[in-house]
Amino acid sequence: MHKIRTVLMVMFLSLILMFSGCDFLLQFLPDKGPDSVTGLDDIEWLKEGPVISTPENKTTFYVVINNNEPSFSKDEYTTESFKKNDPLDSLGRVGTATSSMCRADMPTGERESLDTNPTGWVQNRYDSALVEGGWIYNRAHLRGYQLMGDQDDKQNLMTGTRAFNVDGMLPFENRTADHMKEYENHHIMYRVTPIFIDDDLLARGVVMESDCIECDEEADYAVFVYNIQPGITLDYRTGENWINEDPEIPSVWKSLPSGG
Ligand SMILES: [Zn+2]
C-alpha cells in the first residue's frame with residue numbers, strides 16, 4: 001500500500017517537473033533566490049545547489065539571475081573588440097573571461113586540440129548511456145572557440161561535465177554566436193565567470209552574461225549554468241566523481257560539505 005502511494009507520488013512529482021520546468025526549480029531555491037541576485041558578489045544561494053537534475057528536464061541546467069540583466073558597469077561598454085582573461089589564482093583556478101566582440105572576430109581557421117588539464121580534472125569514463133560520449137569531463141572554454149577563436153589557453157579553460165558543456169553552456173553561447181552572425185554590425189559585451197566555493201578545485205558552474213550593445217534581442221541574458229552531470233556525483237573539492245547509487249537523490253552538492 002505504502003509502496004503504491006510512493007510510486008504515485010513520484011509519478012505526480014515527475015509530471016509537475018515536466019510541465020513547469022524552471023519555475024519549479026526556482027521555488028525550491030533558498031529565500032534569496034536568483035531574481036534578487038545583483039552582481040556576482042551575491043552568490044551565497046548557489047551553495048544550496050540545484051534541487052533536481054534529470055536529462056528529461058534540461059531547463060534545470062541553468063537558472064536566470066538578476067532578472068536576466070547582465071551587470072556590466074557603464075564604463076565597461078565598448079564597441080572596440082577586446083578579450084581579457086583573469087590570471088589563474090594561487091590554486092591554479094581560472095578566473096573571469098571578458099570581451100567585446102562582433103562578427104569580424106569570429107574564427108575562420110582550424111580548431112586545435114586541447115591539452116591543458118584545468119583544476120579538478122579527474123577524468124573518468126562511464127557508460128555512454130549515462131554520459132554522452134562516455135567521458136565525464138570536457139575542457140570547457142569560458143569564451144567558446146566559435147566566438148573569438150580561443151584555442152588551448154589555460155586562462156580560458158575549466159573542467160566542466162559533458163552536460164554542463166553541451167546542455168548547459170552551449171545553447172547560450174550559440175544564441176550569442178547566432179546573433180553575431182546575423183547582425184554584422186552588432187557588438188556583444190560578453191562575460192563568463194566561473195564560481196568556485198572556498199578551496200574547491202571544481203567550479204560549481206559559471207555565470208554567463210551577454211549583452212548586445214545595439215539591440216535587446218536574443219543575445220541578452222544573465223544566467224548561472226550548473227556544473228553537474230545527471231546520474232553522477234561530483235566532489236567539488238577535488239573533481240573526483242562516481243556513479244550516483246541512489247537515482248532518487250539528484251547529483252547534488254548538498255551531500256558534500258563545501259570546504260568544511
Ligand atoms: Zn544585437
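Rule-based calculations on the coordinates, nothing more; no lab input. These numbers were taken from a predicted model, which means no experiment stands behind them. Reconstructed Cβ throughout: ideal geometry from the backbone, glycine too, with neighbour counts over all protein chains shown.
If neighbour count is taken as other Cβ atoms inside 10 Å, put Met158, Met106 in order from fewest to most.
Met106, Met158
So how much slack lies between Asp198 and Glu245, counting 0.36 nm per residue of separation and subtracting their Cα-Cα distance, in nm?
That works out to 14.2 nm of additional length.
Calculate, in nm to one decimal, what Arg125 and Ala104 gain on full extension: separation in residues at 0.36 nm each, minus their alpha carbon distance. Can you show the working numbers first?
Numbers: separation 21, 0.36 × 21 = 7.56 nm, distance 3.81 nm.
Full extension from Arg125 to Ala104 adds 3.7 nm.
Using alpha-carbon positions, what is the distance between the centroids of the range 175-233 and the range 120-147, in Å?
For the range 175-233 versus the range 120-147, the Cα centre distance is 17 Å.
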